[in-house]
């Protein structure tokens, strides 16, 4: 009955139009009332405890780094570099979108920001070149959702903090799955444009390619510094976020000189706005997380899936299906914050590695960003391209299926995640 109160109160408040953070608090109050006590002090204390975490400081700094990268010209130079190398291939602009998405994912970790930047530059070019605009937008959207998987990932920070899992290990474990997501949508793109005849970009000379690469090298250095520093233990993920923000500001101000001092307030303000939304969600989820534990909901869920406890692969598959369904109704951050405390005890009881599961969990939630009716990233692409949601849904299907297949392969072959992690953390 407690599970029913939890789900019905949360979904009921959201159905009434209440913002997710307030719905989480309301859900907590409903559970407290059902359990026979109502204490505002408990609510306030758990909201404070939910956000009072040093690793969460990485969120505002990675948000700030993303703002500096877009305003400072790093994003544009990454796209230009990809264009010079693969733009002349048949369907080249699609490969440019994926290559740029993977590189940008290793810089900011924000799916919405990366998708908006890619769509603003590439959608007009793809439309002019004669590509099917719905399919192009679907590709860009699925390229954008690689960002939560490849480090630095804000989603992995939230999962790591909420579930007590090593964020460094999550970052390193996400590299190969994120690259596989990019490869999968490249293959889907190649198959989907087999009968199309879009106009290709002129082939660039080697001199032009090296010039574009040299201009983008400042952006390419950053992911190497972050992953390398985490691997050898030079800094923590939170310190890596600070380094990313300072580095991107330095490049935008001093190297490329595209960020002007008068722009800084607006950039800080936008990053602060986004951070405030995320942190309020984290704070509100602290109330629900405490009550989920108090009401023993994880043990109730464990009892429901007890017949599957001896088969880790089947249990992982069932949990992934559950998260996939929830992801169609809830946005990325609320799903991570709500489901992590529910699922973590089940994982420990079943003996499933929380780092391995975390990578799949974040991938699953990322795919939820392009599934209707919520589909935040899909909505961003539709807004930039000025196309109806129905067209974008049709265009995104082959790429979403390709990335879902990758996720299922990781369920069947966990070594794809664990072996690179073990090698890189030796």
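Please treat every number below as a calculation from the coordinates, not as lab data. These numbers come from a predicted model, not from an experiment. Here the Cβ positions follow ideal geometry from the backbone for every residue, glycine too, while neighbour counts run over all protein chains shown.
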Proxy reagent accessibility, fewest Cβ within 10 Å first, across 67, 306: 306, 67
Simple label model, 7 Å out from Cα along Cβ direction - residue 89 to residue 294, nm: 5.6
Length-normalised contact order for the chain - Cα pairs under 8 Å, 6+ apart - percent: 27
Peptides ranked, highest mean first, by Cβ atoms within 10 Å: ranges 412-423, 392-403: 392-403, 412-423
Burial order of peptide ranges 7-14, 334-341, 134-141, 269-276 (average beta-carbon count within 10 Å, highest first): 134-141, 334-341, 7-14, 269-276
At R0 = 45 Å, FRET efficiency that the Cβ-Cβ distance of residue 41 and residue 257 yields, to 0.05: 0.30
Whether segment 147-259 is rounded, prolate or oblate, judged on the alpha carbon gyration tensor where a/c under 1.5 counts as rounded: oblate
Rounded Å value of the spacing that divides the Cα centres of segment 109-129 and segment 148-174: 25
Helical contribution to [θ] at 222 nm, DSSP H n ≥ 4, -39,500 (n - 2.57), averaged over the chain, rounded to 500: -25000 deg cm²/dmol
Ordering of 168-180, 247-259, 20-32 by packing [mean C-beta count within 10 Å, highest first]: 168-180, 20-32, 247-259
Rounded tilt (10° steps) of 237-250 against the dominant C-alpha axis of the chain: 30
For segment 114-253: relative contact order, % (alpha-carbon pairs under 8 angstrom, 6 or more apart): 22
